[in-house]
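A.B. asks: Below: one structure in structure tokens.
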Amino acid sequence: MQPHLVSSRFLALTGTVVLWASAFPAIRVGVDGLGVQALSFLRIAVAAVALLLVAPFAKVRVPRPRDLPMIALCGVTGITAYQLLLNWGEVNVAAGTASLLIAIVPAFSVLLGSLFLKERVSRHIVLGTVVALAGAAVVSMAKGTGGFTVSALIVLAAAVVQGVYHVATKPLLRHYTGLEVATYAMVAGMVFALPLAPATWHATLRAPADALACAFYLGLLPSALGFVIWAYAVARLPLATSTASLYLVPPMTLVISFAWLGEVPHLIELAGGAVGVAGVIMINGRSPARRHRGERGGAPGRPTGGRPATVHGGNARRGPHRIAETVPGSPGPTKE
């Protein structure tokens, strides 16, 4: 066995993919027992508290007052709105289907970046975006439990607000590390989610144990630990390697969802998901020369994957931690 296959950086990358993929089926279980509002608040609150506890050891700095509006935008879009929309969508959308839809986040990130950050959009980015959106349309129109419903559109709305988050983090990543931005955004998201606290209290009192376990799992592992080990991995691996790993989140979600929930995806969903991922790969495609320069020179990368974007951020005195990320989903991210 080659040593690099069991190195800490590859273990961190593998752990991130598994954690973010597992977030989608965990959401299904959590929503069934807690409801959308309670699951959203619990996950955000648990993740925010965990990141705040890690902050002193990770030397997370206090943000500058002038950056608070942008941090608030990151919190309300990428954390609060994303969690609410994704959880709401997964009430009727299968976990694997949701992961396929969230995987096209980079398409929305590119579109928004071209509008608000005046980023240059090349021909292959335009074509990749069209392909990714076409794949999402195919997944959304699949028949069965993941069929074309309002819930599928809600999951797509979650992908849109996650794209807004990716764009909003880019100015912050010029001055802060990815872990810092994730911490700021998570705390801001918890503040915006506070109106959900009363409903969360009542739902928690009567929630089954498995739903509560999933809520704490989502907050501690895919959200909090996922961000930490992702930051560790991408700080020590080439940008192309970390980017490519994110394409494994949807297929891993399908495997976990089948083993955990017994969900069997429809062939048309798999076909649409493959088309969507192909579009994302096209969006992130660069010539070998540009990729080599980007990895050696620290040029900003484009948002990638279904959960977070891999970006070069932070300030020069932070050393290897200049390479950072933004929230998954999920998973996710975040997410997830």
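A.B. asks: Does residue 56 satisfy the condition of being in contact with a helix residue (DSSP H, G or I) (Cβ under 9 Å, 6 or more places away or on another chain) and part of a loop (DSSP other than H, G, I, E, B)? Give the derivation first.
C.D. replies: Numbers: in contact with a helix residue (DSSP H, G or I) (Cβ under 9 Å, 6 or more places away or on another chain): no; part of a loop (DSSP other than H, G, I, E, B): yes.
So residue 56 does not fit the description; no.
A.B. asks: Taking helices (runs of 4 or more DSSP H) that fall entirely within the range 164-279, which contain at least 2 residues that are over 16 Å from residue 47 (Cα atoms) and not aliphatic (A, V, I, L, M)?
C.D. replies: The helices (runs of 4 or more DSSP H) meeting that bar are 197-206, 239-245, 249-261.
A.B. asks: Restricting to the range 134-146, and then to whatever is assigned to a loop (DSSP other than H, G, I, E, B) and surrounded by fewer than 23 Cβ atoms within 10 Å (Cβ to Cβ), can you tell me which residue is modelled with the highest pLDDT? Give the steps one after another, and end with the answer.
C.D. replies: From the range 134-146, those assigned to a loop (DSSP other than H, G, I, E, B) are 141-146; that's our starting set.
Still in the running and surrounded by fewer than 23 Cβ atoms within 10 Å (Cβ to Cβ): 141, 143-145.
Numbers: 141: 69, 143: 53, 144: 47, 145: 45.
Out of the qualifying residues, it is 141.
A.B. asks: If I go through the range 164-199 residue by residue, how many of them are surrounded by fewer than 24 Cβ atoms within 10 Å (Cβ to Cβ) and of a type outside the set (A, V, I, L, M)?
C.D. replies: Residues meeting the conditions: 7.
A.B. asks: Additional query: Kindly evaluate residue 37 against the criterion of being assigned to a helix (DSSP H, G or I), surrounded by 24 or more Cβ atoms within 10 Å (Cβ to Cβ) and either charged (D, E, K, R) or in contact with a helix residue (DSSP H, G or I) (Cβ under 8 Å, 6 or more places away or on another chain) (or both).
C.D. replies: So residue 37 does not fit the description; no.
A.B. asks: Looking only at residues that are assigned to a helix (DSSP H, G or I) and polar (S, T, N, Q) in the range 85-133, which one is surrounded by the fewest Cβ atoms within 10 Å (Cβ to Cβ)?
C.D. replies: 114
A.B. asks: Follow-up question, since we're still on this one. Residues being at pLDDT 95 or above and either touching a Leu at 6+ places or on another chain (Cβ under 8 Å) or over 25 Å from residue 273 (Cβ atoms) (or both): count how many of those fall in the range 85-108.
C.D. replies: 1
A.B. asks: Quick check: is even one residue across the range 265-286 surrounded by fewer than 17 Cβ atoms within 10 Å (Cβ to Cβ), modelled with pLDDT under 75 and either touching an Asp or Glu at 6+ places or on another chain (Cβ under 9 Å) or not basic (Lys, Arg) (or both)?
C.D. replies: yes
A.B. asks: Can you spot a residue in the range 41-50 that is of a type in the set (D, E, K, R), under 22 Å from residue 184 (Cβ atoms) and under 15 Å from the mean Cα position of the chain (by Cα)?
C.D. replies: The answer is yes, given that some residue of the range 41-50 is of a type in the set (D, E, K, R), under 22 Å from residue 184 (Cβ atoms) and under 15 Å from the mean Cα position of the chain (by Cα).
A.B. asks: Moving to a separate point now. Determine, yes or no, whether residue 23 is crowded, with 17+ Cβ neighbours inside 10 Å, in contact with a Pro (Cβ under 6 Å, 6 or more places away or on another chain) and more than 17 Å from residue 178 (Cα to Cα).
C.D. replies: yes
A.B. asks: Being assigned to a loop (DSSP other than H, G, I, E, B), surrounded by fewer than 21 Cβ atoms within 10 Å (Cβ to Cβ) and not hydrophobic (A, V, I, L, M, F, W, C), is that true of even one residue in the range 67-82?
C.D. replies: So far as the range 67-82 goes, no, none of its residues is assigned to a loop (DSSP other than H, G, I, E, B), surrounded by fewer than 21 Cβ atoms within 10 Å (Cβ to Cβ) and not hydrophobic (A, V, I, L, M, F, W, C).
A.B. asks: Being modelled with pLDDT of 85 or more and under 16 Å from residue 14 (Cβ atoms) narrows it down to one residue among 198, 250; which is it?
C.D. replies: The conditions single out 250.
The values are calculated or read from the model by the stated rules, or taken from the named source; none is laboratory data. This one's a predicted model, so the numbers in the text were calculated from it and none came from an experiment. Because the Cβ atoms are built from the backbone with ideal geometry, glycine has one as well, and the counts that use them run over all protein chains shown.
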